[in-house]
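K.L.:
Below: one structure in structure tokens.
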């Protein structure tokens, strides 16, 4: 009986895993940014899309209060392999990405071969909110952590 059950289970077609809740577009709650209101951007959006072959495309748009727009993008493997960033390179020119869980992304940014920041994105259980924890070194050489709160853009 046991071998029949094993054979029956092996013949069942594999089930495709559910897509990661990280996929989609997100907007930061600028009112909660840890900076003076006059220094805050008007809007920040980030989107993650599956570009196939184990890669995701990330697009980040920052709209300044002065009307400027910064755009950064990258299509990167999810296995931690470094890849390029395109667009505005003020913060980073390369990135490595891993998904340790379907609702968690770890992103390491670097510029000129020097670590710039580490970002951890976590989607809440209801799939409507995402929290970004950014780790970086401040101008005084001390480590800093910043938390940003995102809502899913429908």
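The values are calculated or read from the model by the stated rules, or taken from the named source; none is laboratory data. Note that the structure is a prediction, hence the values are computed from the model and not measured. Because the Cβ atoms are built from the backbone with ideal geometry, glycine has one as well, and the counts that use them run over all protein chains shown.
K.L.:
Which is at pLDDT 95 or above and under 18 Å from residue 71 (Cβ atoms), of 95, 104?
P.N.:
Values: 104 fails: under 18 Å from residue 71 (Cβ atoms).
Answer to the check: 95.
K.L.:
Working only within the stretch 48-59, note down all residues that are surrounded by 18 or more Cβ atoms within 10 Å (Cβ to Cβ) and either within 17 Å of residue 131 (Cα to Cα) or over 17 Å from the mean Cα position of the chain (by Cα) (or both).
P.N.:
Listed by number, the residues that qualify are 48, 58.
K.L.:
Among the candidates 80, 24, which residue alone is touching a strand residue (DSSP E or B) at 6+ places or on another chain (Cβ under 8 Å), at positive phi, modelled with pLDDT of 95 or more and surrounded by 15 or more Cβ atoms within 10 Å (Cβ to Cβ)? Break it down into steps so the answer makes sense when it comes.
P.N.:
Values: 80 fails: surrounded by 15 or more Cβ atoms within 10 Å (Cβ to Cβ).
None of the other options fit; the residue is 24.
K.L.:
For the stretch 145-154, check the following and say yes or no: at least one residue is under 15 Å from residue 23 (Cα atoms), touching a residue at least 24 places away in the same chain (Cβ under 8 Å) and exposed (fewer than 14 other Cβ atoms within 10 Å of the Cβ). Even if it seems obvious, please write down each step before you answer.
P.N.:
Here is the first cut: in the stretch 145-154, the residues under 15 Å from residue 23 (Cα atoms) are 150-154.
Filter once more, keeping what is touching a residue at least 24 places away in the same chain (Cβ under 8 Å): 150-153.
Still in the running and exposed (fewer than 14 other Cβ atoms within 10 Å of the Cβ): 151, 153.
Yes, the stretch 145-154 has at least one match.
K.L.:
Same structure, new question: Can you confirm whether the stretch 82-98 contains a residue that is more than 18 Å from residue 135 (Cα to Cα) and free of Cβ contacts under 8 Å to residues at least 12 places away in the same chain?
P.N.:
yes
K.L.:
If you take the residues of the stretch 27-39 that are surrounded by 13 or more Cβ atoms within 10 Å (Cβ to Cβ) and either in a strand (DSSP E or B) or at pLDDT 95 or above (or both), which of them is farthest from the chain's Cα centre (by Cα)? Before you say what the answer is, go through the steps one by one.
P.N.:
Keep residues of the stretch 27-39 that are surrounded by 13 or more Cβ atoms within 10 Å (Cβ to Cβ), which gives 27-28, 30, 33.
Going one step further and asking which of them are either in a strand (DSSP E or B) or at pLDDT 95 or above (or both), we end up with 27-28, 30.
Numbers: 27: 12, 28: 12, 30: 17 Å.
Across the stretch 27-39, the extreme among qualifying residues is 30.
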